[in-house]
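This report refers to the structure that appears directly beneath it.
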Amino acid sequence: MITDLHIHSNASDGKLTVQDIFKEAKKRNIGFMSITDHDSIGCQTQAIGAAKKECIRYVTGVELNITFVHPKYHKGKAVSLDFLGYQFDANNKALESKLEAMAKYREERAAKILDNLNAEFKKEHIAALTKDDLRQIEESVDGVLGRPHIADYLVKKNIVKTRQEAFDKYLVKCDVAKYPLYLEEASKLVRGAGGKLVLAHPNDPHGTSLVALTKSLVEQTEIIQEKMLLYIDGVECWHSRNPAETTNHYVAFAKEHGLIMTGGSDCHQKPIIMGTVQVPDWVANQFA
């Protein structure tokens, strides 16, 4: 059975709707899956219905961005890490309320990022972005507003040629701190909703991961053992950007500590890679 427990829809920064994701999943013979949008569970009820229609086994999902600090690494400064929540009640009020607060903050953050962009544009004699530009960005978003949507708008305005150029040239330096959600609170929210919390892509060199603290796999798992084991239920061991060494290291670590093991493509449909990561069949049995 093909399993993919890390897929994004256009409710966050994916390209496809929930319906189109399930149609594609059906074509690719995916038998077990989860849509894990960033800080959003708004599509989960719809996803559950689509899964039944396509006869695909489904588990609720979300990807939460966590503020994490370790005194021994990164000069004690905070970094962002991603955690995946699974198998929670999508109608849980505490979880819904927190994600709504985070969505509101994202809108405020976007306005501040635009202010920072305008300061850069002034130096380069580029016309400033206005409240109307912010409105257009917000209208382009079906779910949670984030920097990728601003990047796409800069492409549309011909200020940059690609999303990556937008980040490299402007959005990294013009960033504003994300909503400060900490691991303890995230764990309480997901577990309180009946779910499981899983550390996402821990050694991803191009994503939000422990690489921000250390590239050493041994040191990464020492950090997890020291600071995270009380709050997590599992680790994402299979990922589209994992070399075999990373997967093997984290599988061994998860077995040693009795953690569940998950995997997925992290597909944003750019290109469509869902179902391409070889996740073992037995992973599905952990979500009985």
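The values are calculated or read from the model by the stated rules, or taken from the named source; none is laboratory data. As the structure is a prediction and not an experimental result, all values here were calculated from the model. All Cβ positions, glycine included, derive from the backbone under ideal geometry; neighbour counts span all protein chains shown.
Table for the structure above
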quantity: Test result for K98, part of a helix (DSSP H, G or I), of a type outside the set (V, I, T) and farther than 18 Å from M274 by Cα; calculated: yes
quantity: Residues within segment 23-72 that are under 21 Å from the mean Cα position of the chain (by Cα) and without any contact (Cβ under 8 Å) to a residue 24 or more places away in the chain, tallied; calculated: 1
quantity: Candidate set: segment 128-175, residues that are part of a loop (DSSP other than H, G, I, E, B) and of a type in the set (K, R); chosen: the one farthest from I113 (Cα to Cα); calculated: K161
quantity: Matching residues, segment 103-118, being in contact (Cβ under 8 Å) with a residue 40 or more places away in the chain and under 14 Å from V176 (Cα atoms); calculated: Y105, R106, R109, A110, K112, I113, N116, L117
quantity: Of the criteria (1) more than 20 Å from A193 (Cβ to Cβ); (2) assigned to a helix (DSSP H, G or I), which one Q46 fails; calculated: (1)
quantity: Single residue of segment 248-288 satisfying the filter (hydrophobic (A, V, I, L, M, F, W, C) and surrounded by fewer than 14 Cβ atoms within 10 Å (Cβ to Cβ)) that is modelled with the lowest pLDDT; calculated: A288
quantity: Subset of segment 110-135 (residues that are surrounded by 14 or more Cβ atoms within 10 Å (Cβ to Cβ) and of a type in the set (S, T, N, Q)); calculated: N116, N118
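Quick grid of which residues meet (1) within 24 Å of N285 (Cα to Cα); (2) part of a helix (DSSP H, G or I); (3) in contact with a Leu (Cβ under 6 Å, 6 or more places away or on another chain); (4) of a type outside the set (A, V, I, L, M):
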residue	(1), (2), (3), (4)
G207	no, no, no, yes
T214	no, no, no, yes
L230	yes, no, no, no
N248	yes, yes, no, yes
A254	yes, yes, no, no
T262	yes, no, yes, yes
